[in-house]
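J.: Attaching a single structure in C-alpha cells format; questions to follow.
The values are calculated or read from the model by the stated rules, or taken from the named source; none is laboratory data. Here the structure is a predicted model, which means the values were calculated and not measured. No Cβ is skipped: glycine too gets one built from the backbone with ideal geometry, and neighbour counts run over all protein chains shown.
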Amino acid sequence: MKYNRILLKLSGEALMGNRQYGIDPERLSEYAQEIKKAIDKGIEVAIVIGGGNIFRGVAGASAGMDRVQGDHMGMLATVINGLALQSALEDAGIPTRLQSAIKINEVAEPFIRRKAMRHLEKGRVVIFGGGTGNPYFTTDSAAVLRAIEIEADVILKGTRVDGIYTADPEKDDNATKFDFISFDDVLRKGLKVMDTTAFTLSQENELPIIVFDMNKKGNLMKVLSGENIGTRVQL
Ligand code: UDP
C-alpha cells in the first residue's frame, strides 16, 4: 500500500446517491464496504464529511438568512452526516469515532488531535464532523486542516467525477483528464479542485490531493495501492 494514513473527504452530496436531498442508506453502506477494505489492509482512515446534501450557509444567505446562522446549520448538517456514516461503518464491523469541531458532547466526542491520532493507531476510523467549527469556511478547508494536523500522507477527495479535466467534461467533448498536475498549474489554469482557502493551505503544507471517483467499486483501493486513477495534485 502506498499510504499509511489517509484523510478521505466525502461531500454531503455524495451521500444523496440518486436522491435530490438527504441520505441514501445504500450509498452509505457501499462506502462503508469500500472503507472496510482499506482498514483490513491496515490503513489508517480519517474522514471529513460535508453537509451540502442537507444545508449550505451560502444557500441560506442567498435566501435572506444571516450567513453565520446558516453556516451553523451547515455545520450541524455535517454532524448528522457523520452520525449516519458512523452507523454504516459500524454495521460493516468497523470501530469508529465521531469527533465534532463544535461541542455536542452527548452526540460526538470533541475534536482532540491527540485522541484522534490514538484512535487511528488503534484501527478506528475517525470521522470529523462540524467542519472547522467556524462560519465562512468549508468542509474542504476542514479536510485539509485535519489532514495536516493528524499528519495524513494524502487527502483523497472522493467525488462523482474521475479526476480534474482541462474543461468541464459534461460540457466539452474535447476535455482531457490530468493524471498529475501541480498546485501552481491548477491556480494558473483556474481549475476548480477545492475552494481557494483549502487549496492554498494544502499547497503551503505540501500535502498532495488526489481527486477520484469514489462511486466506482474498488477505486479507493486502487488509489491506495498507488494505481494512477484520478488526478494527483502535487508540488
Ligand atoms: N460550514 C461552516 N464551516 C466549516 C465547514 C462547513 O460554516 O468549517 C458550513 C457551511 O455553511 C457549508 C456547510 O457547513 O456550506 C456544509 O459544508 P460544505 O458546503 O463544505 O459541504 P459539502 O459541499 O462538502 O457537502
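J.: Only one of (1) among the β-branched types (Val, Ile, Thr); (2) surrounded by 20 or more Cβ atoms within 10 Å (Cβ to Cβ); (3) more than 21 Å from Leu15 (Cβ to Cβ) is not met by Ile210, so which one is it?
T.: Ile210 satisfies all of (1) among the β-branched types (Val, Ile, Thr); (2) surrounded by 20 or more Cβ atoms within 10 Å (Cβ to Cβ); (3) more than 21 Å from Leu15 (Cβ to Cβ) except (3).
J.: With the requirement that a residue be of a type in the set (A, V, I, L, M, F, W, C) and under 27 Å from Asp40 (Cβ atoms), what does segment 100-141 give you?
T.: Scanning segment 100-141 gives Ala108, Phe111, Ile112, Ala116, Met117, Leu120, Val125, Val126, Ile127, Phe128.
J.: Still on this model: Could you grab me the full set of residues in segment 139-191 that are touching a residue at least 60 places away in the same chain (Cβ under 8 Å), surrounded by 12 or more Cβ atoms within 10 Å (Cβ to Cβ) and either on the phi > 0 side of the Ramachandran plot or not hydrophobic (A, V, I, L, M, F, W, C) (or both)?
T.: Those that are touching a residue at least 60 places away in the same chain (Cβ under 8 Å), surrounded by 12 or more Cβ atoms within 10 Å (Cβ to Cβ) and either on the phi > 0 side of the Ramachandran plot or not hydrophobic (A, V, I, L, M, F, W, C) (or both): Thr139, Asp140, Ser141, Arg146, Glu151, Asp153, Lys157, Gly158, Thr159, Asp162, Gly163.
J.: Restricting segment 125-162 to residues that are over 10 Å from the mean Cα position of the chain (by Cα) and modelled with pLDDT under 95, which is farthest from the ligand (Cβ to nearest atom)?
T.: If we take residues in segment 125-162 being over 10 Å from the mean Cα position of the chain (by Cα) and modelled with pLDDT under 95, then Asp162 is farthest from the ligand (Cβ to nearest atom).
Listed here are the residues, each with its yes/no results for (1) more than 9 Å from the ligand (Cβ to nearest atom); (2) within 21 Å of Leu145 (Cβ to Cβ); (3) under 16 Å from the mean Cα position of the chain (by Cα).
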{"residue": "Asn4", "(1), (2), (3)": "yes, yes, no"}
{"residue": "Ser11", "(1), (2), (3)": "no, yes, yes"}
{"residue": "Gln33", "(1), (2), (3)": "yes, no, no"}
{"residue": "Gly42", "(1), (2), (3)": "yes, no, no"}
{"residue": "Val48", "(1), (2), (3)": "no, yes, yes"}
{"residue": "Arg67", "(1), (2), (3)": "no, yes, no"}
{"residue": "Met73", "(1), (2), (3)": "no, yes, no"}
{"residue": "Asp91", "(1), (2), (3)": "yes, no, no"}
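J.: Checking the condition within 19 Å of Leu98 (Cβ to Cβ), surrounded by fewer than 20 Cβ atoms within 10 Å (Cβ to Cβ) and charged (D, E, K, R), which residue from Lys36, Lys9 passes?
T.: Just one listed residue meets the conditions, Lys36.
J.: Within segment 13-21, is even one residue on the phi > 0 side of the Ramachandran plot, surrounded by fewer than 22 Cβ atoms within 10 Å (Cβ to Cβ) and away from the ligand (no atom under 13 Å from the Cβ)?
T.: Taking every residue of segment 13-21 in turn, at least one turns out to be on the phi > 0 side of the Ramachandran plot, surrounded by fewer than 22 Cβ atoms within 10 Å (Cβ to Cβ) and away from the ligand (no atom under 13 Å from the Cβ).
J.: Six or more apart or on different chains, Cβ under 9 Å: which pairs go from a residue in segment 69-83 that's more than 18 Å from Arg27 (Cα to Cα) and acidic (Asp, Glu) to one that's in a helix (DSSP H, G or I) and near the ligand (Cβ under 10 Å from one of its atoms)? Could you list them?
T.: As it stands, the answer is Asp71/Gly57; Asp71/Val58; Asp71/Gly60; Asp71/Ala61, since those pairs meet every condition given.
J.: It is to be established whether one or more residues within segment 51-58 are within 15 Å of Gly158 (Cβ to Cβ) and surrounded by 15 or more Cβ atoms within 10 Å (Cβ to Cβ).
T.: Yes - at least one qualifying residue is present in segment 51-58.
J.: Among the listed residues Gln86, Gln33, which satisfies the condition of being of a type outside the set (Gly, Ala, Ser), more than 28 Å from Asn228 (Cβ to Cβ) and at pLDDT 95 or above?
T.: After ruling out the rest, the residue left standing is Gln86.
J.: Still on this model: Within segment 110-120, how many residues turn out to be surrounded by fewer than 14 Cβ atoms within 10 Å (Cβ to Cβ) and either closer than 15 Å to Gly131 by Cβ or within 19 Å of the chain's Cα centre (by Cα) (or both)?
T.: 2
J.: Let me ask something else. List the residue pairs whose Cβ atoms are under 8 Å apart, where the first residue sits in segment 37-63 and is in a loop (DSSP other than H, G, I, E, B), the second is acidic (Asp, Glu) and more than 12 Å from the ligand (Cβ to nearest atom), and the two are 6 or more positions apart or on different chains.
T.: Close Cβ pairs (under 8 Å, with a partner that is acidic (Asp, Glu) and more than 12 Å from the ligand (Cβ to nearest atom)) do not exist here.
J.: Taking the condition of being assigned to a helix (DSSP H, G or I) and within 12 Å of Asn215 (Cα to Cα), how many residues in segment 14-34 meet it?
T.: 12
J.: Does Ala116 count as more than 24 Å from Ile209 (Cβ to Cβ) and touching a residue at least 60 places away in the same chain (Cβ under 8 Å)?
T.: No: the conditions fail for Ala116.
J.: Determine which single condition Val107 fails, assuming it passes every other condition in (1) surrounded by fewer than 22 Cβ atoms within 10 Å (Cβ to Cβ); (2) within 16 Å of the ligand (Cβ to nearest atom).
T.: (2)
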